[in-house]
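Engineer: Got a structure here, written out as structure tokens. Questions coming.
Just so it is clear, none of the values below were taken in a lab; they were calculated from the coordinates. Just so it is clear, the structure is predicted and the values come from calculations on it, not from any experiment. Cβ placement follows ideal geometry from the backbone for every residue including glycine, while neighbour counts extend to all protein chains displayed.
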Amino acid sequence: MSDTPIWLEAFPHDFEVAHERTLRGLSKVLERVYYPGARRDGGRDGAWLRIRSAGGRVWTGVFASRLEAGRLSLIASWPQPSTLFVAVGDGPYLVRADDPDAWSRIDRPTVRHFAPAPDVGLCLLLDDDRLSAFDAQGLAWESEHLGPDAVWLGRLDDEVHLRAGDVLHRVRLRHGGTTSETASW
């Protein structure tokens, strides 16, 4: 079984993350935090991540996983530099690297695509309903309903292009306005 991919280059960040099992021979970390809940007394098994904040705090986060086909499995940086994005096949989490008790779940349980847009300070998440954009403060905008068949085609200038069947959706990065039209191909 392979580890969940780590993509820290998505956004500027001030922490370090590694899969716990890759750190053999290093001392054990006494602080182990289980998610959801930021519990110290145990929880469901999942992705074990060693996290080091900019201030030097080192702890292990254990993120419950429910790896489902078609769901996002990714650990990444986030528009807020001290925040870690964790998706392990279930609803994604945001966790502060410098404060493991400061965490939240993003209400996108069916997220299946993560696209950073650091030039505009947005992280784009595609789920079975719509495209959502998050900035350092939280949810910036949501597109109109796109449906579970929407497929990411890519970003072109200030728009994201998606396709669902014979419909092309163009979502504007500035505010999420959505234009849908019959695809010409």
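Engineer: Which members of region 28-83 meet the condition of being of a type in the set (D, E, K, R) and assigned to a loop (DSSP other than H, G, I, E, B)?
Structural biologist: Lys28, Glu31, Arg40, Asp41, Arg44, Asp45, Arg57, Arg66, Glu68, Arg71
Engineer: Follow-up. Search region 109-123 for residues that are in contact (Cβ under 8 Å) with a residue 40 or more places away in the chain and of a type outside the set (A, V, I, L, M) and pair each with any residue that is surrounded by fewer than 19 Cβ atoms within 10 Å (Cβ to Cβ) and in a loop (DSSP other than H, G, I, E, B) when their beta-carbon atoms are under 6 Å apart and the residues are at least 6 apart or on different chains.
Structural biologist: Arg112/Gly70
Engineer: While we're looking at this one, here's another question. With (1) free of Cβ contacts under 8 Å to residues at least 60 places away in the same chain; (2) more than 24 Å from Arg163 (Cα to Cα) as the list, and Leu72 as the residue in question, which single condition is left unmet?
Structural biologist: It fails just one condition, (2).
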